[in-house]
Structure formats: C-alpha cells, structure tokens
Amino acid sequence: MALQRPKGTSDHLPDGSPKLSLDTQARAFQRVTDVARGVLERSGAQFIATPIFEEPELVRRGVGETSDIVTKEMFTVYYFGEHGGFILRPEGTASVMRAYLQNGLKQLPSPLKLWTQGPMFRAENVQKGRLRQFHQLDYEVIGGDDPLIDAEAVAVMMSVVEALGLRQVTLKLGSVGDPADRERYNAYLREQFGRRRADLSPESLLRLDRNPMRILDSKSAEDQAVVRELAVRPMLDFLGEQAQAHFASVRRYLDAWGVSYQLDPGLVRGLDYYRRSAWELHHAGVGAKSALGGGGRYDGLAEQLGGPATPGIGWALGIERLLIAMTAEGLELPLSPGPHVYLAALDGALVGQVAELGLQLRSVVRAEFAYRALKPAVALRDAGRRGAVYAALIGPEEAGRGVVALKHLSSGVQRNIGLDELRDVLGGPDFVNPDFVNPDADDRTTHPQPSTNQEQA
RNA sequence: GUGGGUUUAGCUCAGUUGGUUAGAGCGCCGCUCUGUGGCAGCGGAGGCCGGGGGUUCAAGUCCCCUAAUCCACCCCA
C-alpha cells in the first residue's frame, strides 16, 4: 500500500472516480460554495479570507480556554526555529473578528456582513460527518446588535440550505442569555443536580463542574430521569430583561416571515463566546450528530480579543454535512459535461496540426485532442467515453480538402465542415437542433445510427 | 480518550478443516477492425493478501501488537 492521507482527512475527487460520493466529489464542493456564494452575496455579504493558521491565543480567547476544542482538539504547527507554534483554525468566527479588528473594518458601513469558506481543523476521533479537516461556510455580521440582524442571519442560513435543495431540516432556536444570566442558571443547575449526584451518570458528574447545561441533553436514561424528576427549569426562564426582550423580538420577526423553528429552551452551544440568540440546524440524514450547522450572537468576542466592544452574530454550516444530507435526500448533481469537441488525427503526420486546431478552438469551446493518430473506430469510442458532444476526425482526405469530418455523437449526424466555419459551427447550436440540420444534406455525409442511446438523458 | 465491525488487484468481492506459481466480475490497455463509436470475442498489464511479530514442515487462513477505515460514546460543523 502506498502512502496514505492523514487520518480524518479526505480527498476531493474528480467525477468518475471509483468510490465517489457527494461528500468526496470535488465538483459537489464547488457547487455548494457557488450556491452559497450566490445567496450570501445577494444578502449583502462580502467575501473575506483569513489564514488557516493563527496564534494560539486567538483560539484560546475566542473559543474558550475550557472548551473541548481548546483542551484536546487543537492542531499545532511549527516551523524551523524557536517559535512556539501556531494553531490550525478550528472554526472561522474568531479569525474573522480578528481580521475585522486588525484591518480597521470598523470604518466600513456598519453593520458589516462578511462570509468566508474553507477548511477547519479539529483533532477529534473520526465518525460519520466528523473529520479532522472539514470545511465550513461562514456568515458573520459585525457591528450591530439589533434583533432584526439575528432574524436575518437565521433566514439567510435557511436560504442557503433551501437553495441547495434540502428539505428535511429542523431549526432549533434558543437563547443562551447574557453572561450574568448564564451564571445564575449554572448556579441553579449545580444546586439542583448537586442534590442528586448519586443518580447522575459518571459523565454528567464531570459536566456538573464544567458545563452543567450539558446534563440537560445527556442521552443517558438515568440523567433523563433526574432531569424529569427535578422538573429542571430551562435557560429561557433565566433570561434577564434585555435578553428576554431581544429574544422575543427575534422570534416575532421569524414568525412573521414564516421561518419555522422549534423552540429549544435548553439549547446549549459548545463555544464560549455565544450570547443571546443561538440556534442549530439539524438533519436526520447525517448520522448520530445531526447538526448541519449552528450559529449565534457573540457580542463579547471582540473585547475578549482585546478590541473595543463590538457586537456580532454569525453561523457556520459544515459543507461535508450538507453533502451527506443532500445524499440522504437523494439530491444529485447533473452529469459533468465532457469536452464539446474531441479531435483526432487519423494519420500520424497530422497529429500536430490537429492539436493546433484544438488549441485554437479553445477560445470558443472545450476542445480536447488525441495525442497520437487513431483509427476512426477508436477515435469515436474514445470521444464517446469522454462524454464529448462532437468528434472531429481529420485524415489525409479531410486535410487535403481543408475540412474536418464533424460527427454529433448522440445523433450520429455527421458533416464535413470547412476549417473556416468550424468555430462558428461549434460555437453555435447543436446539429440536433432542427434549425441546423440542413434539409438538403447529402445522404452520403450523414450516418444516422441505430439508436443505442445511453448517457445523454 | 473509549467500544464494536472491517482491511485480499484501480473498484466490488471469492478464497474450503492452514497445503504448490492467490482468483472472478467490472474498469484500464491492446487486438479482432485497411476510414466510423458505445456491443461481442480474445489477449495483456496490474497483488509485500494493510504493516510488524509469533505458532507451524507449511499462514491470505491461527495467535499477539499496530495502523487505517466505518459506526457509536464524548464533543462539535
């Protein structure tokens, strides 16, 4: 076995590769980003790109010192020398905020909508929909705290998912309140669960210290029983006045727009920087962890990074997870187009000339040529397998008359075309277009095939 | 970090209670095919049987270790 790619990474492959699935198909990634770009730019977001490695401090202060990401999932990269290493970014928001602060983007009209896309890195163990290098689409709005921005962000995220054709999605919406609210809630939870330590699962005993809110969505039956018996009140009950008003306003907008969501009073998010609005988008098809993406408000992040207080909100979608979800819904990409014309010389002496013709035709259409002389049968078979629309055969006879034998593969219609009109013919409508099939065409130059059609659907 | 499944040709897989030079289908390349394709027939290339160690006269097959992969826990996209 030759060398293999590192664990938890994937190659994005060309169409036709064996073992190809949507989430490893290069063109599918392209497609998702293109669709997203359309939606996001129509929403007013501008593209921003940041390095994939950053100072460790950015991630520690952004994502949170005690989060799983920082404590056990960071990739560190070193270069020759004494430097203490960089972090491969585990998510995009901290970097975008860092770039906003560092580059004075504050002077752009505010609030500023940005989007980015690219690889993220987390050194986790691998399972369905979870890779060590995965790809995210990010949308961030910096410089505004109006609830309308929250509602718009959610709506934009839903538009992206919709534009991809996904239908079976569930939006879970909640609010994690302001920091003071969360402190009060955590204190409440510690007090409640503290009285039932004996009945909690071992994992939840750990959660009790680190993040008691996690106990609420534990899968263990014993924990669920405790939660039920204690009739634990949800985070939403603990929202302060302002957070409460903000959340109510966000919901009013979404309700008015007909954006359907499931209220999740106990929604927990894993990154420390979230405030107030928080949401997750789920899909049944992606496996045990069904989140396609999530988002929320992060008004405290800029200050944590050492900048002036700057409100912000954003979301991220996992591209691989979107593709898995698309697979689960049976969505497929249309066939990738083959060359428009495949040229083949029938005689060794003509190979160079034919290649030159191909190079010239590329100003009009996708043109490929054979690298050696082929027999007509082989040339046609080759052209067909490559998915070409036309095959152009040039032998001594054609070369002598200054024409090419141009065959429309799916219809079998063939004509001799003069070199001077070839560009126009290839750039124009297909032979199969009735306007184009010459009614006076000589029978001797057309060879309709017994229709053994295939691919062309 | 933990648990279970898997690993033989480019792909999908056979391979008997351990027994000579490890097979098939598909794909790839070529020929049949002196200027008209997708079919068919024939031929060819392509395997440290994931890696390492052990048991044995003999290991793809049994044992141990290890890696990768898939799924799940944890956590997240």
Please specify each residue of segment A:380-392 satisfying the condition of being under 12 Å from A:V341 (Cβ atoms) and either more than 7 Å from RNA strand B (Cβ to nearest atom) or outside any helix (DSSP H, G or I) (or both).
A:R386, A:G387, A:A388, A:V389, A:Y390, A:A391, A:A392
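Hey, among A:R251, A:R167, A:R233, which residue is assigned by TED's automatic domain parsing to the domain that holds A:Y139 and either in contact with a Lys or Arg (Cβ under 6 Å, 6 or more places away or on another chain) or part of a loop (DSSP other than H, G, I, E, B) (or both)? Before the answer, list the steps.
Values: A:R251 fails: either in contact with a Lys or Arg (Cβ under 6 Å, 6 or more places away or on another chain) or part of a loop (DSSP other than H, G, I, E, B) (or both); A:R233 fails: assigned by TED's automatic domain parsing to the domain that holds A:Y139.
None of the other options fit; the residue is A:R167.
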Does A:G118 meet the test of being of a type in the set (G, A, S) and either assigned to a loop (DSSP other than H, G, I, E, B) or at pLDDT below 95 (or both)?
no
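Got a sec? Which of A:S159, A:S201 is among the polar types (S, T, N, Q) and within 16 Å of RNA strand B (Cβ to nearest atom)? Talk me through it step by step, then tell me what you get.
On the way: A:S159 fails: within 16 Å of RNA strand B (Cβ to nearest atom).
Being among the polar types (S, T, N, Q) and within 16 Å of RNA strand B (Cβ to nearest atom) holds for just one of A:S159, A:S201, which is A:S201.
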Exactly one of (1) under 21 Å from A:L301 (Cβ atoms); (2) among the hydroxyl-bearing types (S, T, Y); (3) not assigned by TED's automatic domain parsing to the domain that holds A:A151 is unmet by A:Y274. Its number?
(3)
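Here's the yes/no breakdown for (1) more than 13 Å from RNA strand B (Cβ to nearest atom); (2) within 24 Å of A:V126 (Cβ to Cβ); (3) outside the structural domain of A:G306 (by TED's automatic domain parsing); (4) in contact (Cβ under 8 Å) with a residue 24 or more places away in the chain:
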{"position": "A:L3", "(1), (2), (3), (4)": "no, yes, yes, no"}
{"position": "A:K7", "(1), (2), (3), (4)": "no, yes, yes, yes"}
{"position": "A:P14", "(1), (2), (3), (4)": "no, yes, yes, no"}
{"position": "A:A26", "(1), (2), (3), (4)": "yes, yes, no, no"}
{"position": "A:V39", "(1), (2), (3), (4)": "yes, no, no, yes"}
{"position": "A:E57", "(1), (2), (3), (4)": "yes, no, no, no"}
Take the residues of segment A:40-67 that are out of contact with any Leu (no Cβ under 9 Å at 6 or more places or on another chain) and buried (at least 16 other Cβ atoms within 10 Å of the Cβ): which is farthest from A:S336 (Cα to Cα)?
A:R60
Would you be able to tell me the number of residues in segment A:258-281 that are away from RNA strand B (no atom under 16 Å from the Cβ), under 10 Å from A:G174 (Cβ atoms) and in a loop (DSSP other than H, G, I, E, B)?
1
Yes or no: A:G306 modelled with pLDDT of 90 or more and either within 16 Å of RNA strand B (Cβ to nearest atom) or in a loop (DSSP other than H, G, I, E, B) (or both)?
yes
Looking for something more than 10 Å from RNA strand B (Cβ to nearest atom), part of a loop (DSSP other than H, G, I, E, B), touching a Leu at 6+ places or on another chain (Cβ under 8 Å) and modelled with pLDDT of 90 or more - is there at least one such residue anywhere in segment A:401-414?
yes
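Which of the following residues is near RNA strand B (Cβ under 8 Å from one of its atoms) and within 31 Å of the chain's Cα centre (by Cα): A:G395, A:G330, A:G318, A:G338?
A:G318
The values are calculated or read from the model by the stated rules, or taken from the named source; none is laboratory data. Everything quoted here is computed from the prediction, not taken from an experiment. Here the Cβ is made from the backbone with ideal geometry for all residues, glycine too, and neighbour counts use every protein chain on show.
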